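Working notes for the structure below.
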Amino acid sequence: LRILGIETSCDETAAAVVERDAEGHSNVLSDVVLSQLDEHSAYGGVVPEIAARAHVEALDELIEEALKRANVSLGDVDAIAATSGPGLIGGLLVGLMTGKAIARAAGKPLYAVNHLEGHALTARLTDGLSFPYLMLLVSGGHTQLILVRGVGQYERWGTTIDDALGEAFDKTAKLLGLPYPGGPAVERMARDGNPDRFNFPRPLVGEARLDFSFSGLKTAVRQAAQDIAPLSDQDVADICASFQKAISRTLKDRIGRGLQRFKTEFPATLPTPGPATGSAAGEKPALVVAGGVAANLELRGTLQALCDKNGFRFIAPPLHLCTDNAVMIAWAGLERMAAGAAPDALDVQPRSRWPLDSNAETLVGFGK
Ligand code: ATP
Ligand code: MG
Ligand code: FE
């Protein structure tokens with residue numbers, strides 16, 4: 001199976017070709033991403049109109065480039081997979097319309113892929129992971145802990161009740177006068193800071209539910225910054241370090257509970273997971289991380305230690321596959337097709353909101 005993937009849900013325009021051969025070996029034949037970062041950074045965030053226009057301008061050429069680098073023509077692909085939600089509606093329209101047009105012109109099936117499903121299934125491409133596993137998605141738009149039971153079988157165990165984690169980094173950076181995107185800037189400053197100078201709140205820590213909340217943290221940072229203004233570089237570094245520590249502690253508590261729940265629901269004695277690729281029966285359970293915040297080394301360290309302590313494997317796919325890309329969209333389309341999912345009709349509409357667990361399909365995987 002060979003799939004052309006298209007991704008335009010936010011501020012990356014991307015196209016990729018991915019294949020799986022008869023023996024089950026997977027290959028990324030091409031992976032082209034054009035980040036719009038420079039076009040948005042002056043505004044301190046993604047501007048939807050600018051994003052949509054930039055997708056229109058870049059997408060056709062990017063798709064040609066992806067096919068060229070993969071050394072295939074449209075006739076050589078088995079299907080087109082395009083992100084159809086969730087995300088910014090203008091960008092989604094551009095990518096999905098283009099996907100439909102290509103599918104129609106080339107006479108190929110179209111898979112309208114949920115962006116979050118792309119993130120959720122990436123670890124099966126990179127690490128051959130078998131179902132079930134836990135996935136923590138921490139990006140600019142999402143903060144979710146998801147149980148991945150199988151292709152099309154997702155349970156959202158926890159979600160943010162206010163800001164996404166990447167958003168908290170971005171807003172905190174902004175109010176400290178650091179550049180956009182905030183995550184890398186905050187992490188850099190935190191290296192020289194004292195993490196114990198400020199005792200920032202750790203929302204929901206200790207609660208049984210698996211949700212997250214980060215807006216109170218941001219407010220506490222604003223208050224602290226106002227209290228000691230004007231800020232020296234050391235003050236900013238101390239705030240950043242203390243902010244990251246609060247997040248680390250929060251994740252440790254929230255995800256720690258998630259790992260416990262996983263162990264309760266899937267005790268080691270369970271039979272072998274279904275017709276998945278790769279790993280063998282009786283293997284340790286796995287926590288996968290995805291999204292741009294996964295680049296943060298301190299948070300990675302926290303999650304790694306937590307997994308070690310709980311007998312989980314910690315899986316962090318290469319960063320360019322953790323952030324937005326079209327490889328994961330092509331791969332999700334491939335997994336759906338391989339699982340026997342019907343292609344989407346050409347009148348399928350993009351959806352700016354589309355929770356992953358609203359897919360009611362039951363395909364392959366670790367059934368109940
Ligand atoms: P989504 O994929 O949810 O639609 P997005 O495009 O914002 O949203 P990504 O591109 O995956 O998501 O990630 C970008 C986010 O990751 C930004 O909020 C950015 O600040 C954050 N980020 C990037 N690097 C780091 C880092 N080193 N530490 C913390 N956060 C980071
Ligand atoms: Mg992005
Ligand atoms: Fe994403």
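What follows draws every value from the coordinates through simple rules; no lab data is involved. If you're wondering where the values come from, they're calculated on a predicted model, not measured in any experiment. Glycine also receives a Cβ, built like all others from the backbone with ideal geometry; neighbour counts cover every protein chain displayed.
Quick notes on this structure:
- Helix 297-310 and the longest principal axis of the Cα set of the chain meet at an angle near 80°.
- In order through the range 29-37: 3J(HN,Hα) via Karplus (6.51 cos²θ - 1.76 cosθ + 1.60), integer Hz, x for Gly, Pro: 7, 7, 7, 10, 10, 10, 7, 9, 3
- Degrees, to the nearest 10: 327-338 long Cα axis against longest axis of the chain: 50 degrees
- Under the Debye formula (equal points on every Cα, no solvent term), log10 I(q)/I(0) of the range 192-341 at q = 0.15, 0.21 Å⁻¹: -0.95, -1.36
- For the residue pairs Lys218/Lys284; Lys252/Lys284; Lys171/Lys309; Lys171/Lys245; Lys171/Lys284, the alpha carbons lie more than 27 Å apart in Lys218/Lys284; Lys171/Lys309; Lys171/Lys284.
- Kirkwood estimate for the range 6-85, i.e. one over the average of 1/r between Cα atoms, Å: 13.7 Å
- Nearest 10 degrees, 0 to 90: helix 48-70 Cα axis against the chain principal axis: 50 degrees
- Expressed to the nearest 5 percent, the antiparallel share of DSSP beta bridges inside the chain is 60 percent.
- Note on the chain: GNM, Cα springs under 10 Å; of Asp308, Asp163, Asp11, the largest mean-square fluctuation is that of Asp308.
- Here the extension length gained between Asp233 and Asn194 equals 12.8 nm, from 0.36 nm per residue of separation less the Cα-Cα distance.
- Using only side-chain charges placed at the Cβ, +1 for Lys and Arg and -1 for Asp and Glu, the dipole size of the range 1-149 relative to its Cα centre rounds to 500 debye.
- Assigned charges on the beta-carbon of Lys, Arg, Asp, Glu; the range 109-164 dipole about Cα centre (debye): 200 debye
- Look at the dipole of the range 1-135 built from charges on Cβ: of Pro48, Leu29, Ala112, the Cα furthest out on the positive end belongs to Ala112.
- Charge context of Pro132, other residues only, Cβ under 10 angstrom, K/R +1, D/E -1: -1
- Based on C-alpha pairs under 8 angstrom that are at least 6 apart in sequence, the chain has a relative contact order of 25 percent.
- Once the gyration tensor of the Cα atoms in the chain is diagonalised, the equivalent ellipsoid follows with semi-axes of 35, 26, 16 Å, ordered largest first.
- Estimated 222 nm signal from helices in the chain, with DSSP H stretches of n ≥ 4 weighted -39500 (n - 2.57), rounded to 500: -13500 deg cm²/dmol
- Theoretical gain in end-to-end length, Asn71 to Leu297 [0.36 nm per residue, Cα-Cα removed]: 77.8 nm
- In a simple Cβ point-charge model (Lys, Arg +1; Asp, Glu -1; nothing else charged), the chain has a dipole of about 1180 debye relative to its Cα centre.
- Directionally averaged projected area (the range 1-151, Cα convex hull): 9.1 nm².
- Peptides ranked, highest mean first, by Cβ atoms within 10 Å: ranges 95-104, 258-267, 12-21: 12-21, 95-104, 258-267
- Enclosed volume per residue, in Å³, of the convex hull spanned by Cα atoms of the range 198-268: 74 Å³
- Label-zone membership for the range 122-139, site Gln260, 7 angstrom Cα→C-beta point, backbone N under 15 Å: none
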